[in-house]
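Computed from the coordinates by the stated procedures, all read-outs in this text should not be read as laboratory data. Fair warning: this is a prediction, and the values are worked out from it, not measured in the lab. Reconstructed Cβ throughout: ideal geometry from the backbone, glycine too, with neighbour counts over all protein chains shown.
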Amino acid sequence: MSIFARRKSIDGVHDNPGSERLVPTLSWPHLVALGVGGIVGTGIYTLIGQAAGLAGPGMIISFLIAGVVSACAALSYAEMATMMPAAGSAYTYSYVAMGEPIAWFVGWT
């Protein structure tokens, strides 16, 4: 088997049923608050002046487009997390979907 064609199956990524698991303690309001706090803390206060200088009145439209793209990325990560509930994030997802070389590159970056 070639190293470029090596992949894990989705069943091989699941947590072992006999092992100890972390108990989820955050509910959706906590996660929404973390998301909004991250967006407000980094994006709005640091980039709004630069965006206004470059885009002018089109800044609102650019923020809306960026919000839609971010929501699509968040929903796709949520879908993948329900299919593969193991820790690993983008590395694990890319290992299953695209193979080991791409997963290595994702993990390296």
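Points to keep in mind about this one:
- Burial ranking of peptide ranges 74-80, 93-99, 26-32 (average Cβ count within 10 Å, highest at the top): 93-99, 74-80, 26-32
- Segment ILE61-ALA33, extension gain: residue separation times 0.36 nm, minus the distance between their alpha carbons: 7.7 nm
- By the compact-protein rule of thumb, 2.2 N^0.38 Å, the alpha-carbon radius of gyration of segment 28-108 corresponds to a ratio of 1.40.
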